[in-house]
């Protein structure tokens with residue numbers, strides 16, 4: 001049953017929607033467009049946001065709570081709807097849409113074949129001007145490296161001279177053998193164009209005839225003892241070999257294909273693209289997306305396709321995906337129009353060489369996502385940006401150089417653990433991670449509020465202990481470092497208003513409310529709650545501030561789950577100890593004490609070592625080895 005009741009204005013819009021294709025623009029109370037979508041039938045699609053089917057999507061729930069108005073644009077076809085949607089997303093950058101994090105134009109090698117003496121250039125735009133284009137390449141440095149190598153084998157023109165063949169003197173490039181001198185008539189137009197034609201063959205992956213020709217000429221030069229000429233030809237072969245080795249052979253039957261795969265980790269998503277041209281892997285790239293949380297892979301891939309190929313200088317004949325997308329046929333039709341009517345197919349390979357390429361792309365996507373996250377962690381400039389942004393967004397008195405985050409992990413009231421992680425200067429400081437085995441609430445079942453109270457109380461008791469007696473860092477198990485003495489610049493409680501209320505009570509008890517800024521982070525909608533303020537803050541999904549908060553929260557959750565899993569395993573092993581005939585609580589304690597409180601040590605001990613423990617007979621020791 002639908003528990004959400006839209007406003008009268010929205011209800012009137014929903015009742016009058018047409019059964020036609022088009023786009024819908026959802027707006028907030030300020031009239032700002034917060035989401036743009038397309039639909040085959042506007043009535044069915046827009047109404048789906050407000051019925052019971054939307055209850056399972058946290059993102060949709062948060063979106064519809066902020067919808068105050070809906071604007072409709074009716075189109076004649078679904079393809080027009082797709083084009084309109086892409087244009088509107090690019091123009092308005094709505095908060096809830098999936099977005100590519102950067103707008104990249106890939107570099108190409110451009111050969112002005114329409115000119116009498118074609119030049120070789122780099123460009124980021126492919127035009128229908130008679131030139132030949134090769135690429136795309138992932139970065140401009142890759143293009144420059146390729147051209148630098150190619151020029152040793154094919155010394156093409158780079159100057160702005162009008163080529164007549166009658167110049168008196170060539171430029172310096174002729175002297176250093178990086179130009180073959182058509183300006184002075186050293187080669188004529190036909191010879192120069194033949195050289196450029198061979199250069200294009202190499203870029204196309206068709207280097208075999210060129211290699212055979214140069215090899216033959218090199219041998220002929222050597223036979224007549226023209227070693228200088230043979231040396232030049234040898235260097236050309238090395239240059240061509242270098243280029244062809246960089247272009248990995250995939251399948252000679254394949255022409256121009258893009259292979260796309262998706263990797264996701266918590267709130268991050270990365271798409272890997274492999275560019276295959278003439279059966280060779282000529283380049284690859286990984287692109288990050290924002291706003292993917294809660295969205296199925298199908299939606300993420302579809303959003304990527306429309307945004308990526310709207311700006312792509314070249315559309316391949318086939319795009320290979322890891323799984324189906326609902327609008328594949330519509331996207332194919334749209335891309336066919338971009339290719340001037342040439343057919344484009346979107347496929348999902350299930351076996352063979354193409355499926356292997358998908359797997360390779362998926363592995364690269366996962367690795368690329370990992371590397372991007374590690375680069376962010378190592379990028380002090382971005383960390384400084386995120387800290388400054390977080391200070392500004394949360395209105396903190398100081399930059400949050402030291403952030404502590406607490407998370408409760410529990411399963412059916414067993415082995416409840418509170419995890420504390422620490423971030424210093426925007427990066428995790430794992431040496432200061434701590435866990436609290438919750439003891440005060442286990443008898444009454446799970447209670448996250450009281451568990452949080454115990455963990456925070458113990459944390460600040462240890463802080464207080466460093467003030468009362470600096471030599472005793474903490475009662476009981478001491479930590480001989482400053483992890484308890486230093487107060488956080490920001491305390492994040494993984495939970496909503498209830499958990500935040502507990503933190504406020506604990507900080508007030510210790511007289512720290514004016515010294516320790518504290519916020520609660522709601523798990524479902526990532527809303528940030530402040531003390532004594534019922535209105536949460538929702539950070540921009542593409543902001544560095546939110547990315548830092550998410551990383552801190554995710555790390556606390558990961559550490560808590562790992563610790564909790566270890567606790568459950570330890571408890572399970574202890575219960576297994578007591579299930580062994582002849583071992584009760586006393587002998588279990590004796591065994592653990594004898595082997596350093598390590599279950600693994602008990603498990604790996606020999607029968608003779610086990611028998612050294614008081615009360616453990618040979619029979620019990622053998623049973624231990626067998627059952628553990």
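Structure data summary
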| read-out | value |
| --- | --- |
| Selected residue (only one of 43, 47 is surrounded by 15 or more Cβ atoms within 10 Å (Cβ to Cβ) and out of contact with any helix residue (DSSP H, G or I) (no Cβ under 7 Å at 6 or more places or on another chain)) | 43 |
| Residue that is farthest from the chain's Cα centre (by Cα), among those in region 68-82 that are outside any strand (DSSP E or B), touching a residue at least 60 places away in the same chain (Cβ under 8 Å) and farther than 21 Å from residue 271 by Cβ | 68 |
| Any hit, region 91-107, residues being within 30 Å of residue 538 (Cα to Cα) and assigned to a helix (DSSP H, G or I) | yes |
| Given (1) crowded, with 21+ Cβ neighbours inside 10 Å; (2) touching a strand residue (DSSP E or B) at 6+ places or on another chain (Cβ under 7 Å), number of the condition residue 150 does not satisfy | (2) |
| Any pair with Cβ under 6 angstrom, 6 or more apart, that starts in region 532-547 at a residue that is assigned to a loop (DSSP other than H, G, I, E, B) and ends at one that is modelled with pLDDT under 85 and buried (at least 19 other Cβ atoms within 10 Å of the Cβ) | 541/290; 541/291; 542/290 |
| Residue match in region 159-174 (condition: touching a strand residue (DSSP E or B) at 6+ places or on another chain (Cβ under 6 Å), without any contact (Cβ under 8 Å) to a residue 60 or more places away in the chain and over 30 Å from residue 27 (Cβ atoms)) | no |
| Single residue of region 196-219 satisfying the filter (without any contact (Cβ under 8 Å) to a residue 12 or more places away in the chain and within 40 Å of the chain's Cα centre (by Cα)) that is surrounded by the fewest Cβ atoms within 10 Å (Cβ to Cβ) | 208 |
| Considering residues of region 99-126 that are surrounded by fewer than 15 Cβ atoms within 10 Å (Cβ to Cβ) and touching a helix residue (DSSP H, G or I) at 6+ places or on another chain (Cβ under 7 Å) only, the residue modelled with the highest pLDDT | 116 |
| Qualifying residue in region 91-98 (condition: touching a helix residue (DSSP H, G or I) at 6+ places or on another chain (Cβ under 7 Å), surrounded by 14 or more Cβ atoms within 10 Å (Cβ to Cβ) and under 26 Å from residue 136 (Cα atoms)) | yes |
| Every residue from region 50-63 that is modelled with pLDDT of 80 or more and either outside any helix (DSSP H, G or I) or exposed (fewer than 15 other Cβ atoms within 10 Å of the Cβ) (or both) | 51 |
| So residue 286, is it surrounded by fewer than 21 Cβ atoms within 10 Å (Cβ to Cβ) and under 29 Å from residue 204 (Cα atoms) | yes |
| Residues located in region 485-504, provided they are within 22 Å of residue 466 (Cβ to Cβ) and surrounded by fewer than 18 Cβ atoms within 10 Å (Cβ to Cβ) | 485, 486, 487 |
| Output for region 19-41, where each listed residue is in a loop (DSSP other than H, G, I, E, B), in contact with a strand residue (DSSP E or B) (Cβ under 6 Å, 6 or more places away or on another chain) and farther than 19 Å from residue 61 by Cα | 20 |
| Filter pass, residue 135 being touching a helix residue (DSSP H, G or I) at 6+ places or on another chain (Cβ under 6 Å), on the phi > 0 side of the Ramachandran plot and either in contact (Cβ under 8 Å) with a residue 40 or more places away in the chain or crowded, with 18+ Cβ neighbours inside 10 Å (or both) | no |
| For residue 189: the one exception among (1) surrounded by fewer than 18 Cβ atoms within 10 Å (Cβ to Cβ); (2) under 30 Å from residue 279 (Cβ atoms); (3) in contact (Cβ under 8 Å) with a residue 60 or more places away in the chain | (2) |
| Residue 347 modelled with pLDDT of 85 or more, closer than 30 Å to residue 133 by Cα, out of contact with any helix residue (DSSP H, G or I) (no Cβ under 6 Å at 6 or more places or on another chain) and outside the structural domain of residue 89 (by TED's automatic domain parsing) | yes |
| Lone unmet requirement of (1) modelled with pLDDT under 80; (2) farther than 30 Å from residue 314 by Cβ; (3) outside the structural domain of residue 359 (by TED's automatic domain parsing) for residue 226 | (1) |
| Subset of region 406-426 that is surrounded by 24 or more Cβ atoms within 10 Å (Cβ to Cβ) and under 11 Å from residue 559 (Cα atoms) - its residue that is modelled with the lowest pLDDT | 409 |
| Residue selected from region 514-526 under the condition at pLDDT 85 or above and surrounded by 14 or more Cβ atoms within 10 Å (Cβ to Cβ), by the criterion nearest to residue 552 (Cα to Cα) | 521 |
| One residue from 233, 237 being under 50 Å from the mean Cα position of the chain (by Cα), buried (at least 18 other Cβ atoms within 10 Å of the Cβ) and touching a residue at least 12 places away in the same chain (Cβ under 8 Å) | 233 |
| Residue match in region 46-55 (condition: farther than 24 Å from residue 328 by Cα and within 29 Å of the chain's Cα centre (by Cα)) | yes |
| Answer residue from region 291-310, given it is modelled with pLDDT of 90 or more and in contact with a helix residue (DSSP H, G or I) (Cβ under 6 Å, 6 or more places away or on another chain) and is surrounded by the most Cβ atoms within 10 Å (Cβ to Cβ) among those | 305 |
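Yes/no matrix, rows are residues, columns are (1) buried (at least 20 other Cβ atoms within 10 Å of the Cβ); (2) in the same structural domain as residue 39 (by TED's automatic domain parsing); (3) within 23 Å of residue 50 (Cα to Cα):
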site	(1), (2), (3)
65	no, yes, yes
68	no, yes, yes
71	no, yes, yes
76	no, yes, no
80	no, yes, no
86	yes, yes, no
89	yes, yes, yes
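The values are calculated or read from the model by the stated rules, or taken from the named source; none is laboratory data. This structure is a prediction, so every number in the text was calculated from the model and none was measured. Please note: Cβ atoms are built from the backbone with ideal geometry, for glycine as well, and neighbour counts cover all protein chains shown.
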